[in-house]
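Worksheet for the structure shown next.
The values are calculated or read from the model by the stated rules, or taken from the named source; none is laboratory data. Fair warning: this is a prediction, and the values are worked out from it, not measured in the lab. Don't worry about glycine lacking a Cβ; one is built from the backbone with ideal geometry, like all the others, and counts go over all protein chains shown.
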Amino acid sequence: MGMRYDIFGSNYLHLAAKLSLPSRLDIVTGAALQMQRELQWFKEVGSTVQRKLKEELNSHNKTPKILFTDEHEKLAKKAEDWMKRTAGSSMIVATLIATIMFRTAFTVPRGNKNDTGMPTILETQRIPFLIFMILNALSMFSSSTSLLIFLGIFTARYAEDDFLKSLPTKLISGLTNLFLSIVTMMASFGAGLYLILHENWSWVTVLIIVLTMIPILLFSIFQFPLLIEMTQRTYGAGILDEYKKKSCFAKFRACLIRRNPLRKKRH
């Protein structure tokens, strides 16, 4: 594939380099994923044409690559702003969690012994206390990791090809670690309540612990669809592969219809 197509001397790769219509772009969530989708389409079409056509000039003296850069200049800027806004808001949450968990690690429920400094609850509730500390440590480490990842997004060079895999991978890793830190933080909160109130267990205590699941559910509802979409678009099947599957399914369906024509119902 790569024959001349229009009066401007553009081959198929020149046409693939043009910005998609807004109706097509809006199918994808966020400017960064839109830019990623455009890059994927351009790269996949480029893999089907002859090598010499990639350097071919159209009537405006532009190669497909230069045309792609010019056509997507505004979208690339929007994608950069979108990534920075998402990373910035996530950094605030990660910083708060890391601060809270660091403080909680040295504020043990029921205090410490005066002579040894060891937690007083360690003798009677050893396993629950160890679970509490492990959850606390996991929350702090995962929030700190997500904080560093989001910082890496801020300091990225934002080259065109970075939107293909590098930046989406960083955002996926950051959001995953942030979600893990929230889950372990709320689980640590529930374990802490158990350590304090286990001797006076009541339905109120159970209700409080159950309510700690609400932030986890809210985060899942609002962020998981984006996380899943990013993962599928970054590591899933290519655009041309999707078209091939649809084409094969359509041919298979047509074959079935030919082999098993619909019969008129008997009255």
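Checked against (1) under 20 Å from the mean Cα position of the chain (by Cα); (2) of a type outside the set (Val, Ile, Thr); (3) not in a helix (DSSP H, G or I), Ser10 passes all but condition (1).
Take Thr86 and tell me if it is surrounded by 15 or more Cβ atoms within 10 Å (Cβ to Cβ), within 17 Å of Arg157 (Cα to Cα) and at pLDDT below 95. Considered against the rule, which asks whether it is surrounded by 15 or more Cβ atoms within 10 Å (Cβ to Cβ), within 17 Å of Arg157 (Cα to Cα) and at pLDDT below 95, Thr86 comes out as yes.
The set of residues from segment 23-79 being under 17 Å from Ala159 (Cα atoms) and among the β-branched types (Val, Ile, Thr) comprises Ile66, Thr69. The single condition from (1) touching a helix residue (DSSP H, G or I) at 6+ places or on another chain (Cβ under 8 Å); (2) at pLDDT 90 or above that Gly46 fails is (2).
Listed by position, the helices (runs of 4 or more DSSP H) enclosed by segment 176-261 that each have at least 1 residues that are modelled with pLDDT of 85 or more and under 25 Å from Val45 (Cα atoms) are 213-235. From the list Met140, Met118, pick out the single residue that is modelled with pLDDT under 75 and either under 38 Å from the mean Cα position of the chain (by Cα) or of a type outside the set (S, T, N, Q) (or both). The match here is Met118.
Checking each residue in segment 41-99 for being of a type in the set (Asp, Glu) and outside any helix (DSSP H, G or I) picks out only Glu56.
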